[in-house]
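Working notes for the structure below.
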Amino acid sequence: MLYVIIISYINKSKTMRRIVLYFFILCYLYTTVLAEISSKHSISILNTTSTRDISLMRSSFLIGNDSSALFVNSASLMNVIRDSVNFNYTLPYNFENEYILNTSYAHINNDFALGVGFALELDKVNIYDGIGNKNKDSFYGNYLINLGFAYSIVNDSSIGVNIKTVVNNLDTTTKVGAFLDLSYMQSIFTPAVKIGFGIRNFGFYDNTFSLIDTDIISSIAYTKEDGSISITAQYYISVPSISHNASIGVEAMILDFNKLGITDNYAFNDDLPESALDIQTKRNKRRSTLLPSGILARFGVGTEGVSLGLGVYINLFRIDYAIVFDSFSKNNISHNFSLGFMF
């Protein structure tokens, strides 16, 4: 059903046909020319993301819709309708010895947005003495504190910056690194089509983090006004390793609670004073926007694997699930869950 909806919509839109054509040309160039390039060096926690983004194979650079957008592209916080919190948990293949989670909060104002996020990756290490007896387990890991800021330049563009601090205790000593993300997004043709660019993980660090790559990102996305369908593509090159990554994701509403009359239609606060409602600020326009409510299906594919996802949005509450086949392998599967709330 999702496949039929997507194909029929693409066939009706010249812009979407061009986007899909350009993306497949990009994938072809990757597979024929760049496949032998060395792999990316990174601490994975620096690329912390959300369950929704994972279900789109990490291609949601331009279509963030809650506080977890902070980890992907802080500029897209200006797309968020109102303040929100989000919690994500990953159940990896080695779930008994590996713990991955993150949480975030974002405050959305008229022309700017602020966000803070925390993430951790813990590994349990079994320790044995000289004669093979098991001692107390030890935990080693990485911790991330992410501070983000977004500013709306005009109605159809915004910029963002993330300051990320990483604490690493995988060794016997604790090491700290600081990294910076910069991003820009712009609507073109119509508000529904966006392009964006970014620099991720530009570092200020000592030799401890000297092998961390900096990503140079470009992305294009289309989102229908009512949020019923989104198509997005992303490409980035990592330096100094000179590795490449491309991905595409599709999100479609398969059951719309608003059209069925199950949920409230708008995100407006009932307790706002009338004087505030009369002021046509960007924030008030966002808060009076129709909130998507329903069941959404997602699909993503890229050079790192394939993913599937499902989301349930009910007014201000949302829950998401994603399953990822890393490197297209059935032996390297992770399950991802998230809970979010807007207020």
| request: Can you run down the residue pairs with Cβ atoms below 7 Å, 6 or more apart or on separate chains, where the first is in segment 293-310 and free of Cβ contacts under 8 Å to residues at least 40 places away in the same chain and more than 11 Å from Y321 (Cβ to Cβ) and the partner is open to solvent by less than 10 Å² (accessible area, probe 1.4 Å) and not small (G, A, S)? | output: S293/Y313
| How many of the residues making up segment 209-250 are in contact (Cβ under 8 Å) with a residue 40 or more places away in the chain and more than 17 Å from the chain's Cα centre (by Cα)? | 11
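Does Y30 qualify as being modelled with pLDDT under 90 and either under 17 Å from the mean Cα position of the chain (by Cα) or in a helix (DSSP H, G or I) (or both)?
So Y30 fits the description; yes.
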| What pairs come up if the first residue lies in segment 67-89 and is in contact (Cβ under 8 Å) with a residue 24 or more places away in the chain, the second is of a type in the set (V, I, T) and in a helix (DSSP H, G or I), and their beta carbons are under 6 Å apart, counting only those six or more places apart or on different chains? | N88/T51
| Which of (1) under 18 Å from the mean Cα position of the chain (by Cα); (2) open to solvent by less than 50 Å² (accessible area, probe 1.4 Å); (3) farther than 17 Å from S68 by Cβ does S293 not meet, given it meets every other one? | (1)
| request: Please work out if S228 is under 30 Å from L291 (Cβ atoms), out of contact with any His (no Cβ under 8 Å at 6 or more places or on another chain) and open to solvent by 20 Å² or more (accessible area, probe 1.4 Å). | output: yes
| request: Output the residues belonging to segment 232-288 that are within 26 Å of A322 (Cα to Cα), at pLDDT below 80 and open to solvent by 40 Å² or more (accessible area, probe 1.4 Å). | output: I262
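The values are calculated or read from the model by the stated rules, or taken from the named source; none is laboratory data. In this text the structure is predicted, and so the values were computed from the model without any measurement. No Cβ is skipped: glycine too gets one built from the backbone with ideal geometry, and neighbour counts run over all protein chains shown. Each accessible area value is taken on the protein alone, full model and side chains, heavy atoms only, with ligands, DNA and RNA left out. Shrake-Rupley method; radii C 1.70, N 1.55, O 1.52, S 1.80 Å.
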